[in-house]
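Novice: A single structure is presented below for examination.
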Amino acid sequence: MLKNLLLITALILSLFSYLYLLFQYLNNKHKKIEKYTGFDIAKEITNDYDNINIVESKEVYISKYNTKRKVIRLTKNTYNSNNFFSLAIALILSGYSKLDVSKDKSIQLVSRVFNNLDFLDKSILISLLLSSITNSIGDSKILIIILIIISIYQYLLLDINEKIKEYVNDNNKILADNFKNINKIMNKIIYTRKLFFISNLILILRQAIIILKI
């Protein structure tokens, strides 16, 4: 009973996080800054780094930063858009690139395994899927190791995103009077990573209960 309750709790929390992101998008896609697009924001913030490129990519559905090629790949919508949500995404990816070229330890560790970084946590989907089909003690012993590895990955991304918030605060003059609004949206996007991290910890607890036969 308890293990099922924990699985449902993690599922609800994760679903809430995704819906929260969707709400932020729908609520802010009509709020705009006429002066800047996603490309303009990324360009201004990374202007001091010649080795960072910004491209519009029609091949991706989610904007991302490639650590191997040092490329910020923006979707057509984010690249040309000047709505608050798109600008917040551009800020996050610009922060990734800045930390990367600065040799930040957390992003260097993550980039050894994953070349592409984006604002959306998808690792929790793997955790939920595997947890939903795992009920035996033997399988749980294997899964708990996988979940711990995923939690370490999520924690590193949390650390990266917290550093991004500090970096963006140092560049708030770029967005002038609209900085508080864009920064607030960016913080809300980053906040969902904390919720996904908590969801994964709940799933780890569930596997521990199965193993200990509680």
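Novice: Among (1) at negative phi; (2) surrounded by fewer than 22 Cβ atoms within 10 Å (Cβ to Cβ), which single condition is LYS103 missing?
Specialist: (1)
Novice: Sort out which residues of segment 129-138 are more than 9 Å from GLN207 (Cα to Cα) and part of a helix (DSSP H, G or I), and write them in order of number.
Specialist: Passing the criteria: LEU129, LEU130, SER132, GLY138.
Novice: Moving on to the next point. Just give me the residues in segment 19-51 being among the hydroxyl-bearing types (Ser, Thr, Tyr) and outside any helix (DSSP H, G or I), in sequence order.
Specialist: Hits for segment 19-51 are TYR36, THR37, THR46, TYR49.
Novice: When you look at LYS43, is it more than 14 Å from ASP100 (Cβ to Cβ) and among the charged types (D, E, K, R), yes or no?
Specialist: For LYS43, the condition - more than 14 Å from ASP100 (Cβ to Cβ) and among the charged types (D, E, K, R) - is met.
Novice: Would you check which residues across segment 36-69 are of a type outside the set (Ser, Thr, Tyr) and in contact (Cβ under 8 Å) with a residue 60 or more places away in the chain and list them?
Specialist: The answer is ILE41, GLU44, ILE45.
Novice: Of the residues in segment 11-67, how many are among the hydroxyl-bearing types (Ser, Thr, Tyr) and either more than 18 Å from THR78 (Cβ to Cβ) or surrounded by fewer than 16 Cβ atoms within 10 Å (Cβ to Cβ) (or both)?
Specialist: Residues that pass the stated criteria total 7.
Novice: Turning to a different aspect of this structure: Confirm whether LYS184 is at pLDDT below 90, assigned to a helix (DSSP H, G or I) and buried (at least 16 other Cβ atoms within 10 Å of the Cβ).
Specialist: Considered against the rule, which asks whether it is at pLDDT below 90, assigned to a helix (DSSP H, G or I) and buried (at least 16 other Cβ atoms within 10 Å of the Cβ), LYS184 comes out as no.
Novice: If we keep just the residues of segment 1-39 that are of a type in the set (D, E, K, R) and over 21 Å from the mean Cα position of the chain (by Cα), which is modelled with the highest pLDDT?
Specialist: For segment 1-39, the residue satisfying everything is LYS3.
The values are calculated or read from the model by the stated rules, or taken from the named source; none is laboratory data. Computed from a prediction, not measured in an experiment: that's the story for all the values here. Cβ: placed from backbone, ideal geometry, glycine included. Neighbour counts: every protein chain shown.
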